[in-house]
Amino acid sequence: MTHHHRLICAVLALLLAPIAAQAADLCTANQPPDLRLTVRPSAMVQVSVSAPCAPNTRVVLHHAGLAVTLLTSDQGTLLVWLPALSPLALIDFNLPDGSTVQGTIAVPEVQNFDRFGVQWQGQAGFRLEPAPDDKFGKISRLGDPRAGLPMLAQIYSRPHQPGVAGLSLQLPVQPENCGSRILGETLEMRAGGPVQVVELSQAVADCSHIGGTILLPRLFGALGGAEALSAH
């Protein structure tokens with residue numbers, strides 16, 4: 001290493017030392033995680049977490065029956081946009097040490113929306129598919145599949161309207177899930193009303209059907225009846 005390179009390294013070390021020391025002090029002082037909630041357009045909530053003592057850590061987000069796993073960054077931070085499921089959104093995070101950080105924010109605009117979701121355990125799970133002519137709905141994909149024992153979800157949002165949602169529930173047959181059973185739940189919220197949660201348990205076709213998709217067209221209601229397996 002040349003003298004010039006050693007000088008640059010020394011300067012960088014001096015510049016970074018206060019930052020590293022500050023982070024260490026925060027963790028040493030056992031500063032609790034900080035949760036900040038901000039309302040965004042379309043009844044979304046920006047969720048920001050700062051947990052200096054929990055870098056690269058699996059956390060579980062809970063909101064109105066929804067539960068997904070996320071990972072903090074190297075600095076213990078986390079940023080996610082969440083579709084609100086209640087006019088008064090209660091959001092909390094559970095950390096591995098058993099501690100919980102919780103916050104509440106008013107989201108009155110949620111009364112203008114209907115939201116339908118599905119959540120499951122494992123990396124390979126369900127998929128929401130809007131009708132081909134759907135021009136107003138939007139799907140949010142939640143959860144980090146890199147987290148241990150991942151809990152993932154999809155939430156479909158549309159402007160409030162009466163009638164049945166033009167959605168189908170699909171389960172792609174993949175090497176990670178073929179021949180197994182996927183556990184999950186559906187969630188339904190209309191115009192800011194209470195969230196309806198229904199348990200879901202679906203057997204996956206054997207591994208000779210990898211690349212196919214199990215179709216469950218009756219998503220929000222009874223899920224009984226014949227299943228179809230289509231090749232994609």
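Starting from 0.36 nm per residue, how many nanometres of slack lie between Leu90 and Arg40 once their C-alpha separation is accounted for?
Value of the extension gain: 16.4 nm.
Rounded, prolate or oblate: which fits the stretch 34-231 when a ≥ b ≥ c are the square roots of the eigenvalues of the alpha-carbon gyration tensor, with rounded for a/c under 1.5 and prolate only if a/b beats b/c?
Oblate is the answer for the stretch 34-231, as a/c is 1.5 or above yet b/c matches or exceeds a/b.
Mind ranking 54-62, 119-127 by how tightly packed they are, going by the mean number of other C-beta atoms within 10 angstrom, highest first? Each step should come with its number before you reach the end.
Values: 54-62: 18.0, 119-127: 19.8.
Packing order, densest peptide first, comes out as 119-127, 54-62.
Length gain on complete extension for the stretch Ser201 to Arg146, per 0.36 nm per residue less the alpha carbon to alpha carbon distance?
Between Ser201 and Arg146, full extension yields 17.5 nm more.
Assuming R0 = 30 Å, what is the FRET efficiency of Cys27 and Ser48, from their Cβ-Cβ distance, to the nearest 0.05? Write out the running numbers ahead of the final one.
Numbers: r = 19 Å, r/R0 = 0.62.
It comes out at approximately 0.95.
Provide the FRET efficiency to the nearest 0.05 for the Gln161-Gln75 pair, computing r from the beta carbons and using R0 = 30 Å.
0.10
Just so you know, all these numbers are worked out from the coordinates, no wet-lab data involved. These figures come from a predicted structure and were not determined experimentally. Virtual Cβ from ideal backbone geometry, glycine too; neighbours counted across all protein chains shown.
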